[in-house]
Each structure stands twice: as structure tokens, then as C-alpha cells.
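This report refers to the structure that appears directly beneath it.
The values are calculated or read from the model by the stated rules, or taken from the named source; none is laboratory data. None of the values given here were measured: they were computed from a predicted structure. Using ideal geometry, Cβ is built from the backbone for each residue, glycine included, and neighbour counts are taken over all protein chains shown.
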Protein chains: 2
Amino acid sequence: MLDCIIVGSGPAGISAALTLKANGKNFMIFGSPDLSEKISKAELIRNYPGLSNVTGEGFSAALKAQLAEAKIEIKNEKVAGVYALKEKFSVLTQENNAYESKTVILACGVESIKPIDGEEAFLGRGVSYCATCDGFLYKGKTIAVVCTTKRLEHEIVYLADLAEKVYLVALYKDVAPMPKNVTLLKKIPKQIAGERRVERLVFAAPPAENIPADLPVDGVFALRECIAPTVLVGGLEAENGHVKTDKNTATNLKGCFAAGDCTGRPYQYAKAVGEGNIAAHSVVEFLK
Amino acid sequence: MLDCIIVGSGPAGISAALTLKANGKNFMIFGSPDLSEKISKAELIRNYPGLSNVTGEGFSAALKAQLAEAKIEIKNEKVAGVYALKEKFSVLTQENNAYESKTVILACGVESIKPIDGEEAFLGRGVSYCATCDGFLYKGKTIAVVCTTKRLEHEIVYLADLAEKVYLVALYKDVAPMPKNVTLLKKIPKQIAGERRVERLVFAAPPAENIPADLPVDGVFALRECIAPTVLVGGLEAENGHVKTDKNTATNLKGCFAAGDCTGRPYQYAKAVGEGNIAAHSVVEFLK
């Protein structure tokens with residue numbers, strides 16, 4: 001069994017990984033080989049001690065080189081769920097793999113795009129965050145996909161292959177050519193509606209030519225860079241929309257720590273890196 | 001009046017300074033032009049995100065360049081006391097200057113050498129931390145000086161000029177040639193003793209030839225890189241020997257924040273830098 005699983009490859013996750021490595025721990029870090037979209041897109045970072053006026057690209061390159069030097073590999077799987085079992089955690093990925101670990105560090109960031117009204121209420125009843133997990137449920141049906149990042153475009157294509165009809169709300173630039181059964185909508189939906197299950201995606205105005213503002217769908221996929229930690233981890237306590245942690249980055253779940261943007265403001269690299277470091281030390285202490 | 005005074009020029013203080021600067025705040029940072037002895041002496045830093053296997057010297061040089069670029073000057077005065085007044089702080093230095101500020105960030109590190117038994121009990125009654133503040137009280141008298149850093153050697157010379165006789169316990173290497181009335185002792189004292197005031201410095205065994213283990217002195221100067229924060233700031237709450245802070249780095253004193261090693265373990269650059277960043281944001285929030 002692993003000593004620790006780190007969820008997220010932003011500055012907090014990387015800081016935790018470097019420190020766990022320095023402490024000889026057996027761990028995995030899940031994330032993207034690109035580390036973090038937010039870092040790469042940062043224009044100029046002015047207040048990160050040690051790197052003067054570094055660009056996001058430059059910071060990202062430095063981190064990648066450092067991970068390579070420390071022989072830390074980012075596991076390119078998307079975590080779909082973290083389950084606190086008796087004295088261990090089970091981590092499931094959208095690639096349908098399961099991993100076990102004594103501790104978990106959540107460093108999954110925050111999604112800057114707000115959830116759609118009704119999204120959390122219909123989760124598991126027509127709303128899904130995982131194409132590969134739930135796609136087969138919508139074979140031959142009509143679905144809407146709200147996607148926030150180009151990195152997950154392959155999941156849209158996967159869903160289009162299963163569903164009869166896909167309405168796509170793409171919240172990013174340069175959408176790739178899509179299969180014929182995908183219709184691109186140019187408005188952001190304001191609500192997911194229905195009785196017991198999802199029945200309609202509601203817009204303030206018709207979202208495209210010949211498409212009604214009250215659009216009938218069988219399901220809605222919300223594909224985001226980060227799943228809200230409280231959705232990811234059952235029983236996790238939140239506070240003001242962030243994971244509730246103490247000074248040592250401990251959450252309400254024993255052995256589960258959290259670091260970086262997901263624990264709250266300031267959303268800053270230095271803060272994230274600091275909490276990642278503390279979380280790793282808390283894990284080392286916990287494992288004793 | 002200043003928006004903020006930062007006490008200490010290690011990674012926590014520098015991180016706070018960079019972030020206050022980025023937020024356009026009017027502040028001063030007190031410390032050493034060498035930043036921090038501890039950084040410079042670090043052999044290799046393996047887990048600071050963004051700088052792979054950097055030496056202490058290299059990290060220090062990067063920070064100095066960054067401060068110069070951001071036009072932040074370290075005020076080379078030693079803070080002797082911080083006083084919480086009504087809605088402001090008064091900061092006194094050993095150079096006999098007073099500064100006023102709306103907020104304070106304590107980033108003064110931890111002293112790795114433990115206080116001598118009796119030191120805190122006799123503070124102000126024969127024990128002093130400041131040669132220039134209290135030296136004149138010992139004109140023509142016999143004193144002991146316990147000094148932990150070469151950087152404060154000039155204070156020993158200053159005291160030797162005033163006192164009749166100085167016994168020096170130097171806890172660092174390469175002690176410079178001293179005036180004739182200075183006797184170097186080679187043992188660490190175990191206790192400061194006396195009735196109402198300091199009367200004797202007690203060793204486990206004679207600390208040098210012809211010097212008794214129970215050495216009569218009129219006063220003891222403890223010259224350290226950092227003064228304990230609870231000694232520095234009246235009324236500051238401590239916990240397990242460190243400044244008690246919450247997740248936002250707030251102490252029990254309104255407007256007084258703390259960051260870095262002085263708030264507790266882990267004693268790590270990433271952690272210090274993270275807390276410095278949070279403290280600066282807490283100051284910005286407080287000033288609103």
C-alpha cells in the first residue's frame with residue numbers, strides 16, 4: 001500500500017511531492033503532464049521568492065525540470081473519487097483504476113467557473129463529471145456537455161460516439177472540429193432542471209439558431225479541470241466553499257490533508273507551496 | 001504612519017515584503033543585509049519548488065537580486081521591542097529609533113540555541129539582550145556575554161569598552177581578537193543565578209583555567225540573532241515555545257501577524273514563504 005496519494009499537480013501538489021520524496025516516502029501524484037493550466041497561463045509572477053518576475057511558462061518549466069531531477073512522475077489519470085475506508089483510502093480514477101494509500105493530500109485547486117444552478121442537486125441523477133464512468137448510460141440519448149478545458153476534449157468525442165445527440169457548451173477557445181452529432185451552443189446555461197432526474201438545460205435566451213432556451217436533455221456532463229473536493233471525497237467538511245483545514249492542513253477526515261487553492265484564499269503560488277510542504281510533513285508525522 | 005513593519009529578513013519576511021510591495025503598501029522590513037545566516041549556511045535545498053537543488057548561497061543571492069529588482073531595502077537595525085498601542089504599534093530598535101505602524105508581521109525565526117536556565121526570570125534584572133540599550137548600566141562592572149553569532153561581535157567590543165571585565169562565551173567559530181579585559185570561556189553555562197538580581201553565572205565545571213564554576217557577575221548579556229518573539233512583543237501568546245497563530249497567521253494581538261519558523265515546525269523554506277505570503281494578504285485585508 002502507498003504511504004500517500006497526492007491529488008493535483010499544481011504548486012501545492014508538487015511541493016508536497018518534493019518533500020515526501022526527500023523523506024523517502026512511497027507515494028503517487030495524480031495530475032496532468034502539463035502540471036497546471038493556471039500556472040502556464042500566468043503572465044508574470046512578481047512575488048514568488050527566489051524567482052524574479054518569472055512567467056507562468058518559466059515557472060512551469062522549472063517545476064517540470066525539478067520533478068524530472070527528483071525522479072517524480074506525474075500519474076496522468078483523473079481522480080474520480082476518494083473513499084475513506086478503515087485506516088486507508090481508496091482512490092478511483094476515471095481510467096477505472098483503483099489505488100490504496102494510507103494518507104491523501106488534496107491539492108486539486110479551485111474551479112474558477114461556478115457550478116451551474118441545479119448541478120449539485122442532480123449529481124448522480126443525470127449530472128455526471130466523468131465521461132468514461134457514466135457515458136454508457138446515455139447510449140442513443142440526448143445529452144449536454146459543459147466543458148471548461150481543451151484538455152478534456154477527447155471526452156466530448158467519446159460521449160458523441162455513444163450518444164445520439166450532443167449539445168456542447170465549450171468554455172474555452174479554439175474548439176476542435178467535432179463529430180456531426182455535436183451542436184455547439186454559444187451561451188452559458190443558467191440552470192439544470194427536471195423533476196426527479198435531469199430533464200432540461202435552461203438558457204436565458206435561445207443558445208443557437210433553432211435551439212430552444214428550454215432544451216430537453218437526458219443528461220448533463222460537466223467536464224472540468226477540477227472536481228470540487230467535497231464531491232470528490234465523501235464526508236469532507238467544507239467552509240465558505242473551500243476545504244476546511246487547520247494550521248497543519250488536516251481536514252476533518254483522519255489521514256486526509258489539503259493544500260493550495262482548494263483550502264481558500266489567497267490564491268497564490270507561495271501560499272500553495274507552503275501548504276504543500278506542511279501537508280507532506282503532516283503526512284510524515286501521521287505515518288509514525 | 002507605516003502600513004506594516006516586518007521583523008525579520010528570512011524567507012518568511014521577504015515573501016511578505018514582496019507581496020506587500022505588489023499590493024502597493026507602505027512598509028519597512030527590518031533585518032540583516034545578509035538576509036539570514038541560516039539560509040546562507042544551508043548546504044543544499046532539495047524541496048523548494050522552482051529552484052532545483054539550490055545551495056543556501058544561491059537561494060540567498062536570488063532573494064537579494066529579487067529584493068533589489070522590487071526596490072525593497074532591508075532596514076539594517078535590530079528590533080529591540082514591539083509595543084501594541086491603541087490601534088497602532090510602536091517598534092523600537094537597538095539603534096534607539098522608534099517607528100510606528102498600523103500592523104506588524106513577526107518573521108524573526110527561531111533561535112536554535114536554548115535559553116539558559118534563569119535567563120527569562122532575570123530579564124531586566126541583570127539579563128539583557130541589547131548591548132547598546134543597557135551597556136551603560138554596567139560601566140566599571142563585571143559582566144558575562146553569551147553570543148551566538150559573529151554578526152554581533154561589535155556589541156561585545158562595545159561592552160568591553162564600558163565594563164571593567166568581560167567573560168565571553170562565544171557559541172560560534174573564528175572569534176576575532178578581543179580587547180584585553182575579555183576572557184574567553186570554553187563551556188556553555190548551565191544557569192544564571194542570584195537573589196533579586198543576577199549574581200552568578202554557573203557552569204558544570206570550571207569554564208577556563210583559574211575561573212570558578214560559580215562565577216560572580218553583575219550582569220549577563222545574551223546576544224542572539226533572534227530575540228524570542230514573546231520577549232520582543234509584550235502580551236504575545238505562545239504555544240509549545242512558538243508564536244500561536246491561526247490559519248491566517250493572526251496572533252492573539254489585533255493587527256499582529258506571524259510567519260515562518262517562529263510559528264512552529266516544519267522549519268522549511270516553502271512553509272516560511274507560504275506563511276509570509278498569507279501574512280501579507282492578512283495585513284492587506286486588515287487595513288481595509
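Assorted remarks:
- Which listed residue, of B:ALA68, B:ALA107, is within 14 Å of another protein chain (Cβ to nearest Cβ), closer than 30 Å to A:GLY56 by Cα, crowded, with 22+ Cβ neighbours inside 10 Å and at pLDDT 95 or above: B:ALA107
- The set of residues from segment A:12-60 being facing chain B (nearest Cβ under 10 Å) and of a type in the set (Val, Ile, Thr) comprises A:ILE14, A:THR19, A:ILE45, A:VAL54.
- When B:THR249, B:THR263 are screened for being of a type in the set (Val, Ile, Thr), within 13 Å of B:CYS108 (Cα to Cα) and more than 7 Å from chain A (Cβ to nearest Cβ), only B:THR263 passes.
- Residue within segment A:217-240 that is surrounded by fewer than 22 Cβ atoms within 10 Å (Cβ to Cβ), modelled with pLDDT of 95 or more, under 30 Å from A:LEU168 (Cα atoms) and more than 14 Å from chain B (Cβ to nearest Cβ) present: yes
- Residue satisfying condition, being among the charged types (D, E, K, R), under 20 Å from A:PRO115 (Cβ atoms) and within 14 Å of another protein chain (Cβ to nearest Cβ), within set A:LYS244, A:LYS190: A:LYS244
- Checking every residue in segment A:197-211 against the condition of being of a type outside the set (Gly, Ala, Ser), in contact with a Gly (Cβ under 8 Å, 6 or more places away or on another chain) and not assigned by TED's automatic domain parsing to the domain that holds A:ALA144 gives zero matches.
- 2 or more residues within 22 Å of A:ILE45 (Cβ to Cβ): qualifying helices (runs of 4 or more DSSP H) within segment B:1-110: B:11-22, B:56-69
- If you go through segment B:241-251 and pick out every residue that is of a type outside the set (Asp, Glu) and surrounded by fewer than 15 Cβ atoms within 10 Å (Cβ to Cβ), you end up with 1.
- Close contacts from segment A:270-288, counting a first residue that is buried (at least 24 other Cβ atoms within 10 Å of the Cβ) and a second that is among the basic types (Lys, Arg) and assigned to a helix (DSSP H, G or I), with Cβ to Cβ under 8 Å and a gap of 6+ residues or different chains, come to A:GLY274/B:LYS271; A:ASN277/B:LYS271; A:ILE278/B:LYS271.
- B:GLU95 passes every criterion in (1) within 21 Å of B:ALA270 (Cα to Cα); (2) surrounded by fewer than 20 Cβ atoms within 10 Å (Cβ to Cβ) apart from (1).
- Selection of first residues in segment B:246-257 that are under 10 Å from A:LYS247 (Cβ atoms) and of second residues that are of a type in the set (D, E, K, R), restricted to Cβ pairs under 8 Å at least 6 apart or on distinct chains, gives the following pairs, ordered by first then second residue: B:ASP246/A:LYS247; B:LYS247/A:ASP246; B:LYS247/A:LYS247; B:THR249/B:GLU275.
- Only listed residue being within 30 Å of B:HIS242 (Cβ to Cβ), in contact with a Pro (Cβ under 8 Å, 6 or more places away or on another chain) and β-branched (Val, Ile, Thr), chosen from B:ILE105, B:ILE116, B:ILE156: B:ILE116
- Contact annotation: residue pairs with Cβ atoms under 7 Å, 6 or more positions apart or on different chains, pairing a residue in segment B:145-160 that is assigned by TED's automatic domain parsing to the domain that holds B:VAL217 with a partner that is assigned to a helix (DSSP H, G or I) and at pLDDT 95 or above, are B:VAL145/B:ILE156; B:VAL145/B:LEU159; B:CYS147/B:ILE156.
- Check on A:PHE122, loosely packed, with under 14 Cβ neighbours inside 10 Å, under 26 Å from A:GLU195 (Cβ atoms), modelled with pLDDT of 90 or more and not assigned by TED's automatic domain parsing to the domain that holds A:ILE6: no
- Hits in segment B:71-80 (condition: buried (at least 17 other Cβ atoms within 10 Å of the Cβ) and either free of Cβ contacts under 8 Å to residues at least 12 places away in the same chain or under 15 Å from A:ASN53 (Cα atoms) (or both)): B:ILE72
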